[in-house]
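Here the structure is laid out as structure tokens; the discussion comes afterwards.
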Amino acid sequence: MQLDAIGKIFAVAKHQTRMGFYSPQAFIPPLILPLCGYAVFAGGLSRLEDLPGFNYAQGYTTFAFAFTLVMAAAFAGSFTGLAAARSFELGFNSRMLLGVGRGDYLAAGFFLAAWARGAVGIAIVTAIAAATGCSLPQSPVEVTLLAVLVFAVIGIGACWGIGVAWRMRSLDASPAIQVPIIVLLFATPAVLPSNLLSPWFGSIAAVNPATPVVVAVRDLLAGGMPAASGLVATGVLLLMAGAWAAFSSRTLK
Amino acid sequence: MGLAQISVARRLLRHMIRQPAAVAFSFVLPLVLLAVSTGGLGKAPLLRNFPADSFLEFAVASTIVQGALFAAITVGSGLARDLEGGMFDRLTITPASSAVIVGGYTLGIAAISSAQAILFVTVSLAAGASIQTGLLGLTALTLGAVVVGVVMSSIAMGLAVITRSEEAVLEGFPVVFILLYASSALLPRDMIDQDWFRFVADYNPCSYMIEALRSLIISDWNMLTLLVGCGAAGMLLSASAAVIYVVLTRRRAG
């Protein structure tokens, strides 16, 4: 029975992954905003590293890339939620449910597809960043931790998107999926470190659970180990988003 | 014909007011982005040779252009929807020509842009910004916002008449949004270190429109900057108007 369930989940994941790569409309949009953000931040704002108090050793390009990486991962996950919403609107998910039998199996398949699609998107973003002078971690431990963090963020975006898609079951879910993620991401030290933010904005960033995640990625790109708070925040966010997706997926029978 | 334009403009405004999402998109989102950019880049004036004492004053101009862009997308998608659904054809059966109808849309966006400018400047003043050119500058700023709104909406309407698809206009939005930020929206052009980005900003008409509006806020009257901004706006408006005229004329002839 368990092998049967795993087989069904992988079948859904395989289908959604294939759909994601064959359809430019599904593959390109999650990459556009992060890449354009990277171009604008690293290209247009690099002078900010001259600010007194900017002490990120790897330079502004790498500083900007950290945020881009988190944004690309979050969007890769959330756009899978959008794909799920589209599938609901087209009636395809209802037909898939006949095959897999349970809504949570279907959701798990989308979740795995998010990782597969996200992995390719992240690879593209990272390759572009490396080609434009961004420094990447060298030690296997740091690379592994960075990959774990990035995939965790993909998972957070995917769980959030899947949960909303399961509840709304139409493309009207699009703003509900994307706006909270955009708000969470931009209320972090996106363009300057925390010590250089305006006081009121710094207070908001300090309580934003996405801030430790961005800081942890930045620390890893700088060749250091992230603070425990970054790993804990990522874990907590993933658990919460996962619970949201799990409860929402059971509404489909 | 003036009455026809006013009627079309009123229809556009009524349609917008009845959609809270459209109002939020054009009026609230730019303010949110202004808050985020001011909060995130508040220390940028500490850079040597930064032209403003406060990033809020620096960013108001790009917020006005941004708001005009968002409103233009709403107007452009509305025109595309009318073209797609046949409403535009029904309007042209009336004595009002296509030019009058497009003029009505333009009048509507002028009203929206002036309301946006007044709102954004009021919020900025309440948050501590000041306008160096005083009341006359504020009037010029509002007029400038109307011009920018007309320019942006002409681009969106050009896209609408070419594609006749609401979805295509909405999909063009990210491209134009990127165009806005590949400019001097976040830092002055002479403070952009990366040569390729500065090259793009130098050839981006949005840079000159933003700088013209910004000069009214952060410095004394600078006629050269204002003229260059007007020139960039005029260039974009002429190109878009030509496209709209050619496409609608060919459509009528065909």
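The values are calculated or read from the model by the stated rules, or taken from the named source; none is laboratory data. Note that the structure is predicted; figures quoted are calculated from it, not measured. Here the Cβ positions follow ideal geometry from the backbone for every residue, glycine too, while neighbour counts run over all protein chains shown.
Structural remarks
- Filter result for A:Y38 (among the aromatic types (F, W, Y), touching a residue at least 12 places away in the same chain (Cβ under 8 Å), part of a helix (DSSP H, G or I) and away from chain B (no Cβ under 14 Å)): no
- Scanning region A:119-159 for residues being under 21 Å from A:I32 (Cβ atoms) and either more than 10 Å from the chain's Cα centre (by Cα) or not in a helix (DSSP H, G or I) (or both) gives a total of 14.
- Near pairs, Cβ below 8 angstrom, 6+ apart or cross-chain, from region A:153-181 (touching a residue at least 60 places away in the same chain (Cβ under 8 Å)) to any residue that is surrounded by fewer than 23 Cβ atoms within 10 Å (Cβ to Cβ) and among the hydroxyl-bearing types (S, T, Y): A:I162/A:S248; A:G163/A:S248; A:V164/A:S248; A:W166/A:S248; A:W166/A:T251; A:R167/A:S248; A:R167/A:T251
- Residue count for region B:49-102 under the criterion of being at pLDDT below 85 and not in a helix (DSSP H, G or I): the result is 5.
- Residues (farther than 30 Å from B:S124 by Cα and surrounded by fewer than 24 Cβ atoms within 10 Å (Cβ to Cβ)) located in region B:54-88: B:R81, B:D82, B:L83, B:E84, B:G85, B:G86, B:M87, B:F88
- Residue check for B:L180: assigned to a helix (DSSP H, G or I), modelled with pLDDT of 90 or more, within 17 Å of the chain's Cα centre (by Cα) and on the phi < 0 side of the Ramachandran plot: no
- Within this structure, B:S153 passes the test of being of a type in the set (S, T, Y), touching a residue at least 24 places away in the same chain (Cβ under 8 Å), part of a helix (DSSP H, G or I) and buried (at least 24 other Cβ atoms within 10 Å of the Cβ).
- Residue within region A:168-182 that is within 11 Å of chain B (Cβ to nearest Cβ), among the aliphatic types (A, V, I, L, M) and crowded, with 19+ Cβ neighbours inside 10 Å present: no
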